[in-house]
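Colleague: Before we start, here is the structure in question, set down as structure tokens.
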Amino acid sequence: MVSPRADEPASTAPKVKLSVKDLTIRYGQSTALAGASFDVYENEIFGIIGPANSGKTSLLRVLNRMDTFNTAMSWEGQVSLGGQDLRTWRNLYSLRRRIGVVFPLPVGLPMSIYDNVALSPRLRGIKNKAELDVIVERCLTRAALWDEVKDRQQQLGSMLSGGQQQRLTIARALSQEPELLLLDEFSIAVDPVTTMKIEDVLRGLKSEMTIVLVTNLVQQARRLADRTAFLLMGECVEVAETEDLFTDKVRDPRTRDYVEGRFG
Amino acid sequence: MSAPAPVAAGKPSMFAATEQNVHNQRVMSAVKSLFLGMTLLLSTPVVIILSVLLYKGLPAISWEFLTADPIQGMTAGGIFPALFGTICIVVVALLASVPVGVAAALYLSEYAPDTWFTRTINLAIINLAGVPSIVHALFGLGAFVLFFGFGTSILAASLTLAVMTLPVVIVSTRESLQAVPLAFREACWNMGATRWQTIRKVVLPNAISGILTGVILEVSRTAGETAPIMFTGAAFFLPFLPQSVFDQTMALSLHLFVVSTQVPGVPEELPYGVALVLIGMVLVMNSLSIAFRVYLRRRKKW
């Protein structure tokens with residue numbers, strides 16, 4: 001086991017949860033991300049914005065080492081979670097259990113609503129029905145879905161509406177009790193009212209976990225993210241306090257053009 | 001054909017069908033009738049076979065026909081030993097091929113990397129499906145009867161049939177596994193599930209109905225094959241029931257061949273009766289699996 005780095009800067013500085021250094025991701029010959037570097041602090045919401053095809057999703061896939069399921073995908077650079085290098089992580093299943101992921105399109109697994117949320121606890125070995133009941137209710141409540149489904153938890157999760165399935169996916173991710181929550185354009189299939197509900201939930205979750213929010217919506221990043229990275233065509237253009245991107249403090253003209261809606 | 005403007009006399013209407021629309025619709029109906037015709041043509045042989053069999057074979061069918069031994073040099077009596085033998089052969093063949101086939105398909109679909117080795121295995125499976133059944137028969141004779149020393153027995157016959165039907169099981173299982181969306185697997189992997197946990201919790205429950213379809217096909221083929229069991233386990237005439245899998249047995253398919261061509265003086269309805277029982281048995285097994293499949297599919301869907 002790697003011990004936490006002792007030579008951390010002064011204790012007032014925020015603790016780094018996730019550190020990405022010179023991360024380059026390739027699919028065969030084509031490069032999806034070229035040398036991105038940033039730190040994500042503990043208990044913050046870190047936004048990642050950028051137009052389509054700029055490497056946002058690939059980045060998330062590396063964070064929980066889904067590259068092991070895709071032989072065409074390779075990456076270089078250093079990524080560490082809680083101070084431990086992802087390459088030296090011996091058991092990737094334990095890594096993935098600590099990271100919750102929400103996909104752009106909702107994936108309600110073809111099992112009951114209850115089983116969807118109880119799946120991860122069951123994989124961890126929790127069998128006690130009462131204990132599972134508590135977890136399921138807590139996770140569904142936090143994903144703002146409990147009131148709508150509490151009386152029909154045995155119905156198929158895949159038969160819910162798109163927005164409900166997305167909240168189910170979030171509940172499932174929360175049932176992992178993750179340290180890091182990765183959200184990949186979660187609001188694509190969700191109506192604005194539900195999106196606002198989920199955004200409220202995320203603000204509440206911040207105190208318990210670190211959240212990385214990939215989004216197409218610049219305004220969503222502005223509403224939620226403490227700090228934001230702007231990716232463009234595989235390049236990490238700028239990382240800054242989110243509000244700075246919307247003021248004169250913005251450093252790169254491309255960032256300003258993007259957040260002001262001049263391209264992308 | 002020449003005037004493009006579909007203008008009704010005097011009053012133009014933007015909703016009138018253009019010539020192109022009309023043409024498209026005619027083509028569509030023509031194609032539809034063509035396909036319907038093909039489908040009807042395809043079902044004709046089935047209807048004819050079934051009606052001839054019913055018409056000619058039904059008089060032979062009786063409770064005694066199903067439960068008695070053949071007598072008078074197989075020109076009279078029943079077919080019970082053959083019926084029982086076929087059921088034994090099918091069951092043992094299923095027990096041998098379904099676990100192996102499903103496991104191989106799971107490996108190929110869920111675990112195997114895309115390498116030359118995997119591709120070679122896939123090619124071998126496809127080729128195995130193309131081997132004529134008489135060649136399987138000779139292989140079974142050499143391998144199971146002589147080399148492994150099972151003798152001519154139910155076991156040897158069933159294993160020969162299992163080898164022959166393995167490609168059907170593997171290919172249909174693999175197809176149904178791959179019909180389960182990748183997104184389901186990824187959602188599960190992302191939670192930290194291993195490949196096996198993902199297979200057990202998500203992939204198999206959703207692929208089971210497709211896997212059963214493969215098994216149904218296999219049952220039909222196993223019950224009807226004659227050549228592979230002729231040298232390996234089926235007896236010409238044997239009015240006893242087998243005591244173990246190491247005994248020979250009669251089988252419906254071989255019995256049909258025998259009473260149709262090898263025995264003089266068989267009443268005309270007897271072979272038709274045997275054929276009807278054979279088809280009926282396959283249909284009963286199929287409908288059981290279909291009912292099971294429908295039951296599973298109603299519980300699991302997306």
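The values are calculated or read from the model by the stated rules, or taken from the named source; none is laboratory data. Being a predicted model, the structure only gives us computed values, none of them experimental. Glycine also receives a Cβ, built like all others from the backbone with ideal geometry; neighbour counts cover every protein chain displayed.
Colleague: Regarding residue A:151, is this residue part of a loop (DSSP other than H, G, I, E, B), of a type in the set (Asp, Glu) and surrounded by fewer than 18 Cβ atoms within 10 Å (Cβ to Cβ)?
Modeller: yes
For (1) among the aliphatic types (A, V, I, L, M); (2) at pLDDT 85 or above; (3) closer than 30 Å to residue A:125 by Cβ; (4) surrounded by fewer than 19 Cβ atoms within 10 Å (Cβ to Cβ), each residue gets a yes or a no:
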| position | (1), (2), (3), (4) |
| --- | --- |
| B:183 | yes, yes, yes, yes |
| B:196 | no, yes, yes, yes |
| B:202 | yes, yes, yes, no |
| B:222 | no, yes, no, no |
| B:226 | no, yes, no, yes |
| B:230 | yes, yes, no, no |
| B:244 | no, no, no, yes |
| B:270 | yes, yes, no, no |
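Colleague: Given A:218, A:190, A:212, which one is under 26 Å from residue A:47 (Cβ atoms), of a type in the set (Val, Ile, Thr), crowded, with 19+ Cβ neighbours inside 10 Å and within 14 Å of chain B (Cβ to nearest Cβ)?
Modeller: The conditions single out A:212.
Colleague: Report yes if residue B:238 is outside any helix (DSSP H, G or I) and within 15 Å of residue B:82 (Cα to Cα), otherwise no.
Modeller: Details: outside any helix (DSSP H, G or I): yes; within 15 Å of residue B:82 (Cα to Cα): yes.
Answer is yes for this residue.
Colleague: Residues of the range A:70-94 being hydrophobic (A, V, I, L, M, F, W, C), out of contact with any helix residue (DSSP H, G or I) (no Cβ under 6 Å at 6 or more places or on another chain), surrounded by 14 or more Cβ atoms within 10 Å (Cβ to Cβ) and more than 25 Å from residue A:204 (Cα to Cα), which ones?
Modeller: Taking the range A:70-94 and keeping what is hydrophobic (A, V, I, L, M, F, W, C), we get A:72-73, A:75, A:79, A:81, A:86, A:89, A:92.
Narrowing further to those that are out of contact with any helix residue (DSSP H, G or I) (no Cβ under 6 Å at 6 or more places or on another chain): A:72, A:81, A:86, A:92.
Right, trim to surrounded by 14 or more Cβ atoms within 10 Å (Cβ to Cβ) and you get A:81, A:86, A:92.
Within the range A:70-94, A:86, A:92 meet the criteria.
Colleague: Looking at the range B:261-270, is at least one residue more than 14 Å from chain A (Cβ to nearest Cβ), touching a residue at least 24 places away in the same chain (Cβ under 8 Å), at positive phi and in a loop (DSSP other than H, G, I, E, B)? If you could, list the steps in order and put the result at the bottom.
Modeller: Taking the range B:261-270 and keeping what is more than 14 Å from chain A (Cβ to nearest Cβ), we get B:261-270.
Now drop any that are not touching a residue at least 24 places away in the same chain (Cβ under 8 Å), which leaves B:262-263, B:265-270.
Still in the list and also at positive phi: B:265.
Next, from what is left, pick out any that are in a loop (DSSP other than H, G, I, E, B): B:265.
The answer is yes, given that some residue of the range B:261-270 is more than 14 Å from chain A (Cβ to nearest Cβ), touching a residue at least 24 places away in the same chain (Cβ under 8 Å), at positive phi and in a loop (DSSP other than H, G, I, E, B).
Colleague: Check residue A:21 against each of (1) farther than 24 Å from residue A:174 by Cα; (2) surrounded by 15 or more Cβ atoms within 10 Å (Cβ to Cβ) and name the one condition it does not meet.
Modeller: Unmet condition: (2).
Colleague: Condition first: crowded, with 19+ Cβ neighbours inside 10 Å, more than 14 Å from every other protein chain (Cβ to nearest Cβ) and touching a Phe, Trp or Tyr at 6+ places or on another chain (Cβ under 7 Å). Can you find one or more residues in the range B:281-301 that meet it?
Modeller: no
Colleague: Please indicate, with yes or no, whether at least one residue in the range B:140-161 is closer than 30 Å to residue A:123 by Cα, away from chain A (no Cβ under 14 Å) and assigned to a helix (DSSP H, G or I).
Modeller: no
Colleague: Please find, among B:192, B:214, the residue that is within 14 Å of another protein chain (Cβ to nearest Cβ) and either in contact (Cβ under 8 Å) with a residue 40 or more places away in the chain or more than 17 Å from the chain's Cα centre (by Cα) (or both). Talk me through it step by step, then tell me what you get.
Modeller: On the way: B:214 fails: within 14 Å of another protein chain (Cβ to nearest Cβ).
None of the other options fit; the residue is B:192.
Colleague: Is the range A:121-140 home to any residue that is under 22 Å from residue A:160 (Cα atoms), among the aliphatic types (A, V, I, L, M), more than 8 Å from chain B (Cβ to nearest Cβ) and in contact with a Cys (Cβ under 7 Å, 6 or more places away or on another chain)?
Modeller: Taking every residue of the range A:121-140 in turn, none turns out to be under 22 Å from residue A:160 (Cα atoms), among the aliphatic types (A, V, I, L, M), more than 8 Å from chain B (Cβ to nearest Cβ) and in contact with a Cys (Cβ under 7 Å, 6 or more places away or on another chain).
Colleague: Just checking, does the range B:73-83 include any residue being over 30 Å from residue B:255 (Cβ atoms), out of contact with any Pro (no Cβ under 7 Å at 6 or more places or on another chain) and away from chain A (no Cβ under 14 Å)?
Modeller: First pass over the range B:73-83, keeping only residues over 30 Å from residue B:255 (Cβ atoms): none.
The answer is no; no qualifying residue exists.
Colleague: Looking at the range B:105-133, I want the residues that are within 14 Å of another protein chain (Cβ to nearest Cβ) and have a partner that is β-branched (Val, Ile, Thr) with Cβ atoms under 6 Å, at least 6 apart or on another chain. Which pairs are those?
Modeller: Within 6 Å, the pairs are B:110/B:199; B:112/B:118.
Colleague: Continuing with this model, one more query. Which of the residues that make up the range B:127-168 are crowded, with 24+ Cβ neighbours inside 10 Å and touching a strand residue (DSSP E or B) at 6+ places or on another chain (Cβ under 9 Å)?
Modeller: B:154, B:157
Colleague: Go through the range B:167-180 and give me each residue that's under 21 Å from residue A:116 (Cα atoms) and either in contact (Cβ under 8 Å) with a residue 60 or more places away in the chain or at the interface with chain A (Cβ under 7 Å from one of its Cβ atoms) (or both).
Modeller: First pass over the range B:167-180, keeping only residues under 21 Å from residue A:116 (Cα atoms): B:177, B:179-180.
Listed by number, the list holds a single entry, B:177.
Colleague: Residue B:177 fails exactly one of the following numbered conditions: (1) surrounded by 21 or more Cβ atoms within 10 Å (Cβ to Cβ); (2) farther than 16 Å from residue B:213 by Cα; (3) modelled with pLDDT of 90 or more. What is the number of that condition?
Modeller: The number of the failed condition is (2).
Colleague: What are the pairs with Cβ atoms under 6 angstrom where one residue, in the range A:249-261, is more than 15 Å from residue A:227 (Cβ to Cβ) and the other, located anywhere, is surrounded by fewer than 17 Cβ atoms within 10 Å (Cβ to Cβ)? Sequence gap at least six, or different chains.
Modeller: The qualifying pairs are A:257/A:263; A:258/A:264.
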